[in-house]
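The values are calculated or read from the model by the stated rules, or taken from the named source; none is laboratory data. Just so you know, these numbers come straight off a predicted model, no measurement behind them. Cβ placement follows ideal geometry from the backbone for every residue including glycine, while neighbour counts extend to all protein chains displayed.
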Ligand SMILES: Nc1nc2c(ncn2[C@@H]2O[C@H](COP(=O)(O)OP(=O)(O)O)[C@@H](O)[C@H]2O)c(=O)[nH]1
Ligand SMILES: [Mg+2]
């Protein structure tokens, strides 16, 4: 009898505990991750311009925009260690530069042909002729002088040479500290993002906003790509996800400089830390693009000095990317390079080539389409990513 009673009590306790556990797991308010924004599409949450707005008026949209179902504000991932992802991504994107170099270097006796093959491998990875020649020259000398044979030591030498080529002495910090104007007022840091269409500018601005939010900085976005409304929608969606507002025009083809100016003024009035300005990058007409970017620069600097001009380049475009770098280098006073889509190429050598071309450091790299796939660039980590395990 007693035994039966205990059995019932035990069963009852088990039922209560498991019901409580399921209830806990299902507690409402647990935030489900939002899907990444679809570039170039108009999100449902974006309202059409209101009747009270003049056509072409620059509107400051409060994020979130849909009052009925405010999107949950995401907490972006911290930045540390993101570049380590590159290793896995490179391993999946064909034969990475590092493993091909190491395959040759592990041969017993390195012949003239082997050294040629090494140089060719570097060239194929878009390192550029000058830097590739320098690396081979230096590595060859060191291997000979040090009499190095074993693969681990050769790998260590190669690592050192690659790091030297990427140049660890360059200042890769992003200037995102607010400043004090001459009249003593506080002005936000202004980051202007330029580059050819499709390279990943808007995505980069969105990801960068997340990085800054993760660091407890306040941000305003400026949608100065006024060519298509969808471009502003795309930016606004990124901002809304982390509770950052976007200053935009409701009219296609509005003056991009006016929107940029408005974004900076809004940022200044609201006392935010950083204003990120996205631009259009139609290259059909180089003179027109130069005029447009020149005007944006001039107009912004009436309100606040530019802290950074970031040139976004697609790492998969090779020589074409270098040509773009040349064109933009002439106009925009570029202070840093963002190399996107490094996840989609085994040609990481473009980092070296593009820095040489512009004399400006790669500061950020895009490692995928995910919202937190943007990493600060670090030569050591990057080379370790290239060399793999
Ligand atoms: N794989 C990959 N795709 C990227 C990266 N950055 C941007 N993209 C994609 O590139 C496409 C163009 O990006 P977008 O920001 O609209 O380019 P924009 O025209 O320069 O503003 C989009 O499909 C992005 O998701 C990256 O680092 N890796
Ligand atoms: Mg864009």
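Overview of results
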item	result
All positions within the stretch 218-231 that are under 22 Å from residue 74 (Cα atoms) and either in a strand (DSSP E or B) or in contact with a helix residue (DSSP H, G or I) (Cβ under 6 Å, 6 or more places away or on another chain) (or both)	219, 220, 221, 222, 223
Among the candidates 176, 202, residue that is surrounded by 16 or more Cβ atoms within 10 Å (Cβ to Cβ) and part of a helix (DSSP H, G or I)	202
Hey, residue 367 within 16 Å of ligand 2 (Cβ to nearest atom) and buried (at least 23 other Cβ atoms within 10 Å of the Cβ) or not	no
Subset of the stretch 183-199 [within 16 Å of ligand 2 (Cβ to nearest atom) and in a loop (DSSP other than H, G, I, E, B)]	195, 196, 197, 198, 199
Test: residue 336 is without any contact (Cβ under 8 Å) to a residue 60 or more places away in the chain and closer than 30 Å to residue 249 by Cα	no
Residues being outside any helix (DSSP H, G or I), touching a helix residue (DSSP H, G or I) at 6+ places or on another chain (Cβ under 6 Å) and under 18 Å from residue 188 (Cβ atoms) - total across the stretch 232-289	10
Restricting the stretch 180-202 to residues that are away from ligand 1 (no atom under 16 Å from the Cβ) and at pLDDT 95 or above, the residue that is nearest to residue 279 (Cα to Cα)	190
Of all residues in the stretch 324-370 being assigned to a loop (DSSP other than H, G, I, E, B) and touching a strand residue (DSSP E or B) at 6+ places or on another chain (Cβ under 8 Å), the one that is modelled with the lowest pLDDT	332
Qualifying residue in the stretch 124-143 (condition: touching a strand residue (DSSP E or B) at 6+ places or on another chain (Cβ under 6 Å), closer than 29 Å to residue 312 by Cα and at pLDDT 95 or above)	no
Residue 162 being surrounded by 17 or more Cβ atoms within 10 Å (Cβ to Cβ), farther than 30 Å from residue 281 by Cβ, more than 16 Å from ligand 2 (Cβ to nearest atom) and within 26 Å of the chain's Cα centre (by Cα)	yes
Condition check for residue 321: modelled with pLDDT under 90 and touching a strand residue (DSSP E or B) at 6+ places or on another chain (Cβ under 8 Å)	yes
Qualifying positions in the stretch 95-130 - crowded, with 19+ Cβ neighbours inside 10 Å and assigned to a loop (DSSP other than H, G, I, E, B)	96, 110, 125, 126, 127, 128
